[in-house]
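Okay, so here's the structure we're looking at.
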Amino acid sequence: MKPYIFNIQKFSLHDGPGIRTTVFFKGCPLSCQWCHNPESQCFEPEMMLEKRAEKENSDQVGTVYSVRELVKILKRDEIFYDQSGGGVTLSGGEVMAQDMDFVVDLLKNLVREGISVVIDTSGYARTENFERVLAYTDLFLYDLKVIRDDLHKEYTGVSNELILKNLKYLSDQGAAIELRMIMVHDVNMDEETINLTIKWLKEEKIKLRGVTLLPYHDFGREKYKKLNRECTQNFEKPTEEALNRVKDRLEAAGYPVKIHS
Ligand code: SF4
């Protein structure tokens, strides 16, 4: 079955190098409590309330495209990719948990057109899926949410075992990886958690291009309302001081670190 796409975002500057167009696939096997794109979680289309000119309308979120249609749309910004060293990013939801024949076909077509592709993933997918995309992917933006498995289960609904296994697999295969760590106050920013993360990365010899810290924000709250879902998020945004503490600790361990603005 062809996947549903819930957004195609042009001129994105935060989803990999240069100027990129990001394709957001609908459907995710995780249910992170801090998720700011709740419309990305369900694999089926949904109705979302939108306000336009003082009127409220329900719009369907989730559109099906053929690979051909998508490539045609994505090629429109080729000049920006070329000038900036950018390209296309496949994101979600979880792109690696979609119909992989479709995803691989899309990747092959983009590569054939000379377009560089980045995959943004939670890592929660079959290892064979990563094996299939490896040759066509220039960079993985790979989430590591919480190193402690009990907390990972509590906050995302799933174990991190498969996520760590796939990260190790990609690193062993020589894939370019940028690790992305959501930073949530009182969940995963304490010294013990960061030390455990570094210990695991070192023990498993994970090779990273760098780490990006993604501070939690609550911009997604409104979207829950529009989907007629209750938003149970009750997290505090991390302070700059706390973010810098994590950054310093990771840098001292040898990883280049950026804090997402
Ligand atoms: S992995 Fe990303 S898209 Fe999926 S639930 Fe978590 S935050 Fe949302």
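Each reported figure results from applying straightforward, stated rules to the coordinates on display, with no laboratory input. A quick note: this is a predicted structure, and the numbers were derived from the prediction, not measured. Positions of Cβ are backbone-derived with ideal geometry, glycine not excepted, and every protein chain shown enters the neighbour counts.
Numerical summary
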| item | result |
| --- | --- |
| Selection count where residues are of a type in the set (Ser, Thr, Tyr) and within 16 Å of the ligand (Cβ to nearest atom), scope the range 41-66 | 0 |
| Condition check for residue 81: hydroxyl-bearing (Ser, Thr, Tyr) and either free of Cβ contacts under 8 Å to residues at least 12 places away in the same chain or part of a helix (DSSP H, G or I) (or both) | yes |
| Leading residue by the ranking (nearest to residue 261 (Cα to Cα)) among those in the range 11-40 that are more than 13 Å from the ligand (Cβ to nearest atom) and of a type in the set (A, V, I, L, M, F, W, C) | 13 |
| Hits in the range 152-177 - residues which are in a helix (DSSP H, G or I), within 14 Å of the ligand (Cβ to nearest atom) and farther than 16 Å from residue 126 by Cβ | 152, 153, 154, 155, 156 |
| Members of the range 67-101 that are on the phi > 0 side of the Ramachandran plot and more than 16 Å from the ligand (Cβ to nearest atom) | 85, 87 |
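Yes/no matrix, rows are residues, columns are (1) without any contact (Cβ under 8 Å) to a residue 40 or more places away in the chain; (2) outside any helix (DSSP H, G or I):
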{"residue": "196", "(1), (2)": "no, no"}
{"residue": "212", "(1), (2)": "no, yes"}
{"residue": "219", "(1), (2)": "no, yes"}
{"residue": "224", "(1), (2)": "no, no"}
{"residue": "229", "(1), (2)": "no, yes"}
{"residue": "232", "(1), (2)": "no, yes"}
{"residue": "236", "(1), (2)": "no, yes"}
{"residue": "241", "(1), (2)": "yes, no"}
{"residue": "247", "(1), (2)": "yes, no"}
